[in-house]
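> Let me give you the structure first, and then I'll get to my questions.
No lab work stands behind these numbers, since they all come straight from the coordinates. Model, not experiment: these values are computed from the prediction. Neighbour counts are summed over all protein chains in view; Cβ atoms, including those assigned to glycine, are modelled from backbone coordinates with ideal geometry.
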Amino acid sequence: MEIVAIMGSHRNSHNTQKAIDYFISKIKVEHELYEYNINEKEIKACIACDYCIPHQGECVTKDDMTEIYKKMETCDLLIVASPVYFSAFPSRIKALIDRTQMIYNLEDRSNIKKKKILIIGIGGAPHYPRQFQAMDNTLEWYKKTLSCDEIGFVQFSHTDELPVLDNKKCLKELTEIAEKINTP
């Protein structure tokens, strides 16, 4: 199984990374992990130039997205983990998501492998209605474009007071999702 994990926090080694690490530690099936930390990758914003329309499968911007595109297209499991800033994705991971426009503009997406997607949202604030709604809305077309079936959207709220690794309810959700992956 090929797993791509996108760590979308501007802070390394904090709650978002800990949630990914916890989930990956529960995966028992043989797998290859490709982890992309947005802080360690050069990912420029989409410039909406439409170069990718006549140049199918190519983006005019050359940066680390070239490698990430290939892995997002071929993986078996895609993990998108991110904090919410004002109820939405922070800028660096939003740039990565927006750059998927190149894949969206493909006339033929039949070579994009069907995959599962797990979304992990990290909210520092106490839970409030629609805290993660903008993430879900943003990922609606992203999931379709990348041929994803959602297997979970685990939402950690109030992490400013209850760190990820102390949130038993959400850790249980991640464990249950991992168990489904481990069961053939």
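> Over the chain, what portion of Cα pair distances is larger than 29 Å, expressed as a whole percent?
Values: 3095 of 16836 pairs.
Cα-Cα pairs of the chain separated by over 29 Å account for 18 percent.
> Further question on the same structure: If each of Trp141 and Lys180 carries a label point 7 Å out from its Cα toward its Cβ, how far apart are those two points in nm?
Those two pseudo-labels are separated by 2.7 nm.
> Give the relative contact order (percent, whole number) for the chain; include only Cα pairs under 8 Å separated by 6+ residues. Working shown, then result.
Numbers: 327 pairs, mean separation 48.6, N = 184.
With pairs under 8 Å counted, the relative contact order is 26 percent.
> Work out, step by step, the length gained on full extension between Ile47 and Glu30: first 0.36 nm times the residue separation, then minus their alpha carbon distance; give nm to one decimal.
Values: separation 17, 0.36 × 17 = 6.12 nm, distance 3.85 nm.
Full extension of this stretch gives 2.3 nm more.
> May I pose another question? What value, in deg cm²/dmol to 500, does the helix sum -39500 (n - 2.57) over DSSP H runs of n ≥ 4 give at 222 nm once divided by the residues of the chain?
The helix-only estimate for the chain comes to -10000 deg cm²/dmol at 222 nm.
> Using DSSP to define loop residues, name the chymotrypsin sites (Phe, Trp or Tyr not before Pro) in the stretch 47-85 whose beta-carbon has at most 15 other beta-carbon atoms within 10 Å.
Numbers: sites: Tyr51, Tyr69, Tyr85; in loops: Tyr51.
Filter output for the stretch 47-85: Tyr51.
> Name the residue, out of Cys49, Cys170, Cys59, whose mean-square fluctuation peaks in a Gaussian network model built on the chain with Cα pairs under 10 Å.
Cys49
> Of Lys115/Lys180; Lys28/Lys168; Lys26/Lys71; Lys70/Lys116, which pairs sit farther than 18 Å apart, going by alpha carbon to alpha carbon? All intermediate terms of the calculation are to be shown ahead of the outcome.
On the way: Lys115/Lys180 14 Å; Lys28/Lys168 20 Å; Lys26/Lys71 22 Å; Lys70/Lys116 16 Å.
As for pairs spanning more than 18 Å Cα to Cα, those are Lys28/Lys168; Lys26/Lys71.
> When only DSSP loop residues count, what GluC sites (Glu not before Pro) in the stretch 112-166 have their Cβ near at most 16 other Cβ atoms within 10 Å? Mind dumping the intermediate values first?
Values: sites: Glu140, Glu150, Glu161; in loops: Glu161.
Sites meeting the loop and neighbour criteria: Glu161.
> Normalise the Debye intensity by I(0) for the stretch 101-150, one equal point scatterer per Cα, no solvent, then take log10 at q = 0.17, 0.18, 0.26 Å⁻¹ and round to two decimals.
-0.61, -0.66, -1.01
> A follow-up question, please. Mark the label point 7 Å from the Cα of Asp149 along Cα→Cβ and return the residues of the stretch 101-123 whose backbone N is within less than 15 Å of it.
Label zone hits: 113-118.
> Now for a different question. Want the number for Met1 to Glu107: 0.36 nm per residue separation, take away the alpha-carbon distance, what's left? Each step should come with its number before you reach the end.
Numbers: separation 106, 0.36 × 106 = 38.16 nm, distance 2.73 nm.
Taking Met1 through Glu107 to full extension adds about 35.4 nm, to one decimal.
> While we're looking at this one, here's another question. With a cap of 16 neighbouring Cβ atoms within 10 Å, and only residues DSSP puts in a loop, list the GluC sites (Glu not before Pro) found in the stretch 1-107. Show your work: numbers first, answer last.
Numbers: sites: Glu2, Glu30, Glu32, Glu35, Glu40, Glu42, Glu58, Glu67, Glu73, Glu107; in loops: Glu30, Glu40, Glu42, Glu58, Glu107.
Sparse-neighbourhood loop GluC sites (Glu not before Pro): Glu30, Glu40, Glu42, Glu58, Glu107.
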